[in-house]
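Written below as structure tokens is the structure these notes are about.
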Amino acid sequence: MSDPIDEKPPAQTGVVKRVREFRHPEKRNRPDNPIQRKPSWIRVKAPVSKDYQATRKIVEDNGLVTVCQEAGCPNIGECWAKKHATFMIMGEICTRACAFCNVSTGKPDSLDADEPARVADAVAKLGLEHVVITSVDRDDLADGGAQHFVDVIEAIRAHAPGATIEILTPDFKGKAEAIEKVVAAKPDVFNHNLETVPRLYPGIRPGARYFTSLELLHRVKRLDPTMFTKTGLMAGLGESAEEIGQVMDDARAAGVDFLTVGQYLQPTVKHAAIDRFVTPEEFESYARLARSKGFLMVSSSPLTRSSYHAGEDFEKLRAAREAAVAAGAAAGERAQAEQAALDAAE
């Protein structure tokens, strides 16, 4: 997603134009979609704090890539000031070309065997209590990069044993053995984003399939019912409220615990156009609807992103499950007591 810090998009000429053509070669011949002025509720301040600079230095010193930078996340200033970063593993070049995404497309480099150790070192230096690990799509790899996810999880557990781990994975082309491998590594949260409604997949997420992503989430839950699962949606791409509600139903049927909904922001004129800016009130209505459908945790606002406030939300998610389990146990005890009373009366 794009960075809403700048009020005007950078000029599409000279060096900037050449860099963007190189970054997204598949989008070069697409017609331009003018970037709309952002409403007041979606603007953020430029990152300037000392803690932001300290986080940036640790990331750079360890030679790491973050989705915060690559995807132009609008929350980077706030999150990095709190020493929260989402690490993007397996390089910075994606094998797919989603119309919403600002990550480079092309032929990736070979996997870096030292990357898991460097990620773990950065997690330890930042003192993270909760870390989010995501990646580019690596369709060039037989397992889609599943083993590399496992290596990173194991390295973090060795170097920062107190940290809880959330992963945001690609779909691994639906390969069962790849999904099983990652689930067996026991991340605390398994996130895979559905991104948008099924109708919009051909234009917005052409390299993926809606039901492949939905099945991945369901498979994770079947493999380990205790593992928290999470998915996210973008709003403002042309979807209807009814379609959002249907995706919520699908996600709940797949056992998803945590739903995020945020505003799509257009990275460049070559990316998918924003259909509209969804109001904060509409995002709140999505949150109410999602809670009514049984999600343990919901984050829905214009600036919500998959890893935004991930640490705080994980604690709330864990507390919500404990409360639900306790409520279920209490209900079970009441039912047993009522049945015992009926039996005694007979």
- Task: Please state which one of 151, 109 is charged (D, E, K, R), assigned to a helix (DSSP H, G or I) and at negative phi.
- Result: 151
- Message: If I filter the stretch 196-216 down to residues being in contact with a Gly (Cβ under 7 Å, 6 or more places away or on another chain) and over 20 Å from residue 141 (Cα atoms), which single residue comes out as least open to solvent (accessible area, probe 1.4 Å)?
- Response: 200
- Task: Considering (1) in a helix (DSSP H, G or I); (2) in contact with a Leu (Cβ under 6 Å, 6 or more places away or on another chain), say which one residue 285 fails and leave the rest.
- Result: (2)
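Can you find even one residue in the stretch 270-281 that is part of a helix (DSSP H, G or I) and either in contact with a His (Cβ under 9 Å, 6 or more places away or on another chain) or among the hydroxyl-bearing types (Ser, Thr, Tyr) (or both)? Even if it seems obvious, please write down each step before you answer.
First, the residues of the stretch 270-281 that are part of a helix (DSSP H, G or I): 280-281.
After this cut, where a residue has to be either in contact with a His (Cβ under 9 Å, 6 or more places away or on another chain) or among the hydroxyl-bearing types (Ser, Thr, Tyr) (or both) as well, the list is none.
No; the residues of the stretch 270-281 include none that is part of a helix (DSSP H, G or I) and either in contact with a His (Cβ under 9 Å, 6 or more places away or on another chain) or among the hydroxyl-bearing types (Ser, Thr, Tyr) (or both).
Let's see how each residue does on (1) under 28 Å from residue 33 (Cα atoms); (2) at pLDDT 60 or above; (3) of a type in the set (Asp, Glu):
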| residue | (1), (2), (3) |
| --- | --- |
| 46 | yes, no, no |
| 56 | no, yes, no |
| 63 | no, yes, no |
| 94 | yes, yes, no |
| 111 | no, yes, no |
- Item | Any pair with Cβ under 7 angstrom, 6 or more apart, that starts in the stretch 170-182 at a residue that is over 12 Å from residue 150 (Cβ atoms) and in a helix (DSSP H, G or I) and ends at one that is among the polar types (S, T, N, Q) and open to solvent by less than 70 Å² (accessible area, probe 1.4 Å) | 174/212
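The rows are residues; the columns are (1) surrounded by fewer than 22 Cβ atoms within 10 Å (Cβ to Cβ); (2) modelled with pLDDT under 95.
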| residue | (1), (2) |
| --- | --- |
| 243 | yes, no |
| 251 | no, no |
| 254 | yes, no |
| 259 | no, no |
| 265 | no, yes |
| 271 | no, yes |
- Message: Filter the stretch 113-134 down to the residues that are at pLDDT 95 or above and either assigned to a loop (DSSP other than H, G, I, E, B) or among the polar types (S, T, N, Q) (or both) and list them by number.
- Response: 113, 114
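The values are calculated or read from the model by the stated rules, or taken from the named source; none is laboratory data. Predicted, not measured: the structure shown is a model, and the values here were computed from it. Every residue, glycine among them, receives a Cβ derived from its backbone with ideal geometry; neighbour counts consider all protein chains shown. Note: accessible area is taken over every heavy atom of the protein model, side chains too, but ligands, DNA and RNA are not part of it. Shrake-Rupley method; radii C 1.70, N 1.55, O 1.52, S 1.80 Å.
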